[in-house]
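Nothing in this text is a laboratory measurement; each read-out follows from the coordinates by a stated rule. None of the values given here were measured: they were computed from a predicted structure. Glycine gets a Cβ as well: all are built from the backbone with ideal geometry, and neighbour counts include every protein chain shown.
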Amino acid sequence: MPVAVPAFSRDQVYAALNAGNAVEAVREGFLEHARGSWTMPSKVYVEAVEGDFRAMPAAGAGHAVLKWVTSFPGNPARGLPTVGGVVLLSDAATGELRALLDAGAVTALRTGGAAVLAAETLAVEGESPAAVIGCGVNGRAVARAFLARGRNVLLWDTRPEQAAAAAAELGETASVASEPAEALSAGVVVTVTPGHEPVFRDGDLREGQHVSLMGADGPGKAEITDGELARARIVCDEWEQASHNGDVGHALAAGAIRREDVAELGHVLLGTEKGRRGNEEITIFDSTGLAVQDLAVALAVYRRYQQDPESDVFGDTVNVPIG
């Protein structure tokens, strides 16, 4: 007999988990993965002509997740989202499918959560605005997470109209930088770009700065030059994945950094590895995007649904027959 499985739309995912709470959900994912209780193989890429497909599985807290997600940077010109796909959440004891979730919304929430969590963990304490470079869906998610945690944001995008639209959407606590240098020099900077060319070039980083690099999440991508990355205290999301992708992988292949130069954020949160070692130090978080983060966000949404399936948040939920 078919079983009806709830399918949560983009709007329902956003309504079920606000940006501030997503930071705490992602923190759980990092901690449980560092403890070894949540497991995850590296993501699998399937290349396409103008983008790629990614399969990202993980297991923990009695559940397993698989995110089948796309990244097609040219899609906005077609009126389509860059990121799309579906997240499948299953019961790890029986294998039964429990929910389907919009992958774009899950990705945005965990990207914002990870960027802000890293900044709160590694940056020098202060109340100055955080700069967000790249104002697409995920960049706006980062900005919303900062705002939800009480920090104003400064926005920059190579498309001025994109930054202006984001600022208008986010409200008076968000403003547009007057020029790229203003954003690059902020005490906390998050880059959420396609990663086709570096945002930070040699000599751009300043003393005491923290940067979360969120865009270079695959082979051949980079948001910072190898030499500039090597100037900083580097913390990645997970070594095995980061060493083959993005900024850390690129700098490692070039011989600019070594394994001992890089800590993992989960272990910094646990206190088993050092993060920032002084106010003058530059810190960088290199994110390649982890399936355990997707699991954390999917679980938070599903737990909310279990607590109150009749909530207005889930009132229009579509149930998909399976089996």
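Things to note:
- Highest mobility in the GNM of the chain, judged by mean-square fluctuation with C-alpha springs under 10 Å and restricted to Gln293, Gln306, Gln162, is found for Gln306.
- Which of Ser185, Asn279, His244, positive extreme of dipole for the range 114-286 (C-beta unit charges): Asn279
- Loop-located trypsin sites (Lys or Arg not before Pro) in the range 259-294 (DSSP state other than H, G, I, E, B) with a sparse environment of at most 16 neighbouring Cβ atoms within 10 Å: Lys274, Arg277.
- Beta bridges by DSSP in the chain, antiparallel share as percent, to the nearest 5: 55
- Sparse packing (at most 13 other Cβ atoms within 10 Å of the Cβ) combined with a DSSP loop state is found for the following GluC sites (Glu not before Pro) in the range 220-323: Glu280, Glu310.
- Scanning residues 5 or more positions from Val86 or on other chains, those with amide H under 5 Å from its amide H are Trp68, Ala103, with H placed 1.01 Å from N in the peptide plane.
- Comparing mean-square fluctuations of Ala131, Ala168, Ala77 from a GNM of the chain with C-alpha springs under 10 Å, the top value falls on Ala77.
- Of the residues Ile284, Ile257, the one with the fewest other Cβ atoms within 10 Å heads the list, and the complete ranking is Ile257, Ile284.
- Segment Glu24-Val3, extension gain: residue separation times 0.36 nm, minus the distance between their alpha carbons: 4.4 nm
- About the Cα centre, charge dipole magnitude for the chain (Lys/Arg +1, Asp/Glu -1 at Cβ), debye: 380
- Extension gain for Glu280-Thr158 works out to 41.0 nm (0.36 nm per residue, less the C-alpha to C-alpha distance).
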